[in-house]
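The values are calculated or read from the model by the stated rules, or taken from the named source; none is laboratory data. Here the structure is a predicted model, which is why all the values come from computation and not from measurement. Every residue, glycine among them, receives a Cβ derived from its backbone with ideal geometry; neighbour counts consider all protein chains shown.
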Amino acid sequence: MVEREDIPALDVRYVWHPFTQAGTAGPALEIVSGKGAWLHAADGRNILDLISSWWVTLHGHAHPAIAGAVAEQAKRLEHVMFAGFTHAPAARLASRLAKLLPPELTRVFYSDNGSTAVEVALKIAWQYWHNKGETKRKRFLAFSKGYHGDTLGAMSVGSSTGFYTPFDDLVLPVTFLPFPATWEGDNGAPEKEEEALAKIDTVLANESGGEVAAVIIEPLVQGAGGMRMCRPEFLRSLCGRLREAEVLIIFDEVMTGFGRTGSMFACDRAEVAPDIICLAKGLTGGFLPLAVTICSEKIHNAFLGGDFGSAFAHGHSFTANPLGCTAALASLDLFENDSTLERVAAMEDLHRRRMRDLSRLSNVHNTRVMGSIAAFDLEGGSKEYGSSWAQHLHEAFLSRGLLVRPLGNVVYLMPPYCIGEDDLHHAYDEIFEVVSHLQAG
Ligand SMILES: Cc1ncc(COP(=O)(O)O)c(C=O)c1O
């Protein structure tokens, strides 16, 4: 008999895990397979994935339609460089995304992950003004507690999250604007928005207003900053002001894209169109790393010319990988054929009912729901990301067979759309118990 490899031992000896303090973290849990909303661990445990495994899984783990499409494509063409060559999955995917998005967004630039999609957006915005000869526009605006990824530009516009303290001297100067976070039954929302807009007006009106290249925002929901939600009214007022100031608007929909907020994209729900949009995570249904930065024809035209100088000199080895594009096409088919957005609407309804129950607990505050996302602030422990309290909560949920990974004191759910109603009710029952024990303790 072949001896089973000791995967945990290999992992402990050789692997460096992301966003993990290896000095205090326990060994990583080995997952051997997944189906629907369930993950199956090597030790025999079944775990209900309530956060779509870092917010990527849409239709379920190992979905046979996506797996089959990728397998077929792998036998035909696994990869080809994307400068001077194209292939059907990339061209088809670009045209389908353009048709799904607001009509202004027509030019698709491929990359590999959310951070690179953001990096590309920032570089396109910067070079757009350079190519037009407007060399003063060299500042970015971003929102307090916004998270955009871990590459240098993305860190710069996300530095107010506090994740990047060792790099404080390395990041670009960015002006941060207030994000009017709101929750269910929050009567103070209009005042918060007015206050935020007044501050934004001041930034745009002062001398450096004319130096702004672009603003970046996670529309409707700030993810890693703590599932902080704003109203569509705020986004619309914001974009009106930015248009007047001729500032390019970048929507980072890396997390909110592909149904998370209840519409295909948050910009649909908010009825407002950016100049540039970044998509990744759910793009391939969670199967493969792929990202897109999509911009308007006006922006693309500013890069056309007779020599290479005005071209966008950016690309990655795996740009527009055919397997990733094929997975994305299969995921879009599931949106069309599988009543996916209807499932999200039903989930939103269930979230709202069950969050109402939870809000009766005295240690639960600011319950909020949008589409497939539900969150609340839990009183009684550290607000810090990665705190031992958050880790303890994560483990308490895991011991009950639930994958929930609080962001500081924010407990949130963002399940794959295929999760069964009974499974989600069961998860809420368990969460209620964990949280009410903490309240009692
Ligand atoms: C809004 C947003 N933008 C960008 C990123 C970075 O994406 P990635 O982790 O794929 O680099 C994330 C990741 O969580 C995100 O939530």
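Odds and ends about this structure:
- Residues that are within 14 Å of the ligand (Cβ to nearest atom) and surrounded by fewer than 23 Cβ atoms within 10 Å (Cβ to Cβ) occur in the range 101-114; there is at least one.
- Candidate set: the range 133-157, residues that are closer than 26 Å to Met229 by Cβ and in a helix (DSSP H, G or I); chosen: the one nearest to the ligand (Cβ to nearest atom): Ala154
- Whichever residue in the range 209-232 is more than 18 Å from Pro102 (Cα to Cα) and part of a helix (DSSP H, G or I) and, among such residues, is farthest from the ligand (Cβ to nearest atom): Gly210
- Any hit, the range 194-206, residues being more than 16 Å from the ligand (Cβ to nearest atom), under 18 Å from the mean Cα position of the chain (by Cα) and assigned to a helix (DSSP H, G or I): no
- Criterion: of a type in the set (Ser, Thr, Tyr), touching a residue at least 40 places away in the same chain (Cβ under 8 Å) and not assigned by TED's automatic domain parsing to the domain that holds Gly257 - qualifying residue of Ser33, Ser52: Ser52
- Complete set of residues in the range 241-259 that are near the ligand (Cβ under 10 Å from one of its atoms) and either free of Cβ contacts under 8 Å to residues at least 24 places away in the same chain or not in a strand (DSSP E or B) (or both): Glu253, Val254, Met255, Thr256, Gly257
- Only one of the listed residues (Arg107, Arg137) is under 22 Å from the mean Cα position of the chain (by Cα) and touching a residue at least 40 places away in the same chain (Cβ under 8 Å). That residue is Arg107.
- Counting only residues that are within 14 Å of the ligand (Cβ to nearest atom), farther than 20 Å from Cys239 by Cβ and assigned to a helix (DSSP H, G or I), the range 260-306 holds 4 of them.
- The requirement of being among the aliphatic types (A, V, I, L, M) and farther than 19 Å from Ala125 by Cβ is satisfied by Ala205.
- Listed by first and then second residue, the pairs linking a residue in the range 377-397 that is within 20 Å of Pro27 (Cβ to Cβ) to a residue that is assigned to a helix (DSSP H, G or I), with Cβ atoms under 8 Å apart and 6 or more places separating them unless they lie on different chains, are Leu393/Val434; Ala396/Val434; Phe397/Glu430; Phe397/Ile431; Phe397/Val434.
- For the range 329-343, the criterion of being farther than 28 Å from His59 by Cα, assigned to a helix (DSSP H, G or I) and modelled with pLDDT of 95 or more is met by no residue.
- Out of Phe287, Phe303, Phe312, Phe335, sole residue that is in contact with a Phe, Trp or Tyr (Cβ under 8 Å, 6 or more places away or on another chain) and either buried (at least 20 other Cβ atoms within 10 Å of the Cβ) or under 17 Å from Pro415 (Cα atoms) (or both): Phe335
- Residue check for Leu50: surrounded by fewer than 17 Cβ atoms within 10 Å (Cβ to Cβ), under 29 Å from Met155 (Cα atoms), touching a strand residue (DSSP E or B) at 6+ places or on another chain (Cβ under 9 Å) and at pLDDT 95 or above: no
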